[in-house]
1. Would a scan of region 54-61 turn up a residue that is within 19 Å of Ala118 (Cα to Cα), touching a Ser or Thr at 6+ places or on another chain (Cβ under 6 Å) and at pLDDT 95 or above?
2. Looking at region 64-78 only, could you name the residues that are among the charged types (D, E, K, R) and farther than 18 Å from Gly114 by Cβ?
3. If I go through region 41-71 residue by residue, how many of them are assigned to a loop (DSSP other than H, G, I, E, B) and within 15 Å of Leu126 (Cα to Cα)?
4. Name every residue in region 127-178 that is at pLDDT 95 or above and small (Gly, Ala, Ser), in order of residue number.
5. Going by the structure shown, is Leu121 touching a Cys at 6+ places or on another chain (Cβ under 7 Å) and either assigned by TED's automatic domain parsing to the domain that holds Thr61 or over 19 Å from Phe42 (Cα atoms) (or both)?
6. Checking the conditions here, which among Val141, Val187 is assigned by TED's automatic domain parsing to the domain that holds Phe60, more than 20 Å from Leu63 (Cα to Cα) and in contact with a Leu (Cβ under 9 Å, 6 or more places away or on another chain)?
7. Taking only region 76-111 into account, find how many residues are of a type outside the set (Lys, Arg) and surrounded by fewer than 22 Cβ atoms within 10 Å (Cβ to Cβ).
8. Just checking, which of Glu124, Glu144, Glu134, Glu195 is within 18 Å of the chain's Cα centre (by Cα) and either outside any helix (DSSP H, G or I) or closer than 16 Å to Ile55 by Cα (or both)?
Amino acid sequence: MEKDDLKNRVEDPPSLYGHYTYADYLTWQMDEMVELIKGKIFKQVAAPRVSHQRIAGLIFTRLFLHLEKKQCEAFIAPFDVRLPVKSKRNEDIDTVVQPDICVVCDPDKIDELGCVGAPDLVVEILSPGNNKKELQNKYEVYKESGVKEYWIIHPNECTLIIYTLIEDKYQASRIFTHGDKVASQAVEGFTLDLEEVFEGMM
């Protein structure tokens, strides 16, 4: 199939019900961010809000500084994370996500296209229109692929929930908010002051 035909398949609404792979994904020329979750296309509905960008920037900066001169690396979206199931062949991978922030501690998972395999830590910041994707669809693929720790931040409510992978299942923390300091189990020595993260909100 020609490249233009693939692009039209993505832009035509009925194609949103098709099944695609990373090999298809690489051929698309699109201005908006697109993710694949188990072969299904998810488009970003709108640009992230200012609160989303401020929180993402602050957390990434804290992680980046904490990991300086260490093996683990922090990355911020847009950054492709491929989550293989059967094999690492482009034609076999049908989940490609762009976490707001992720930390990868295995350098063998990093290539010029992004990350192939589960990051150690993923941070997602909810935005209007993406809550179901983050809370349900991504939760499942992160759990199944072996992401050790999954943080979900709700800017409007000023809350954070941490899901920790224990025996292939996610165990949820209590709800953290203003005044709490949280520590990562996946990134050794990293703590985050939520008073700083949610400053000026609520």
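1. No, because not a single residue in region 54-61 is within 19 Å of Ala118 (Cα to Cα), touching a Ser or Thr at 6+ places or on another chain (Cβ under 6 Å) and at pLDDT 95 or above.
2. Glu68, Lys69, Lys70
3. 6
4. Scanning region 127-178 gives Ser145, Gly146, Ala172, Ser173.
5. Here the answer is yes, as Leu121 does meet what is asked.
6. Testing whether each residue is assigned by TED's automatic domain parsing to the domain that holds Phe60, more than 20 Å from Leu63 (Cα to Cα) and in contact with a Leu (Cβ under 9 Å, 6 or more places away or on another chain) leaves just Val141.
7. 19
8. One residue alone meets the criteria, Glu124.
The values are calculated or read from the model by the stated rules, or taken from the named source; none is laboratory data. Just so it is clear, the structure is predicted and the values come from calculations on it, not from any experiment. Positions of Cβ are generated from backbone atoms using ideal geometry, with glycine treated the same way; all protein chains shown enter the neighbour counts.
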